[in-house]
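A short reminder: the numbers here are calculations on the coordinates, not readings from a lab. Since we're looking at a predicted model, the values are computed, not measured. Methodologically, a virtual Cβ is constructed for each residue, glycine included, from the backbone with ideal geometry; neighbour enumeration extends over all protein chains shown.
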Amino acid sequence: MTPLGTATLGGSSTIAIRFEGSQQVTSGTFVFTSSAGAAFGPSLEAIGLATVTFGKDVVVRGGTGFIGQQSFSGQGTLHLINHGRISADAIDGVIWQHHVLVQCQHH
């Protein structure tokens, strides 16, 4: 999977990009735009058991968002191998990790 440019995930908790099986994301930017302090927000999540590798040119950034299955929307486990950058760089932004195993590798 290679997004063409930037995927902006808005403030709703029903906005998600869902991964299934084994996938590689080689480049692109995912931006969470939820307000600071939001209890729920958009997510990158799993359908069932998923393993996703983010390449060195992948950026996840912005305000409040979730990586992994949100506990209220079902069962799923995301194994994330991250070679890229994950940064809650908006004021008071938080990027939560639920039901996700993160392995960070730097070369």
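For Thr8, Thr14, the sequence from fewest to most other C-beta atoms within 10 Å is Thr14, Thr8.
Under 5 Å between amide hydrogens, built in the peptide plane, is the criterion, and for Ala7 it picks out Thr29, Phe30, Val31 among residues at least 5 positions away or on other chains.
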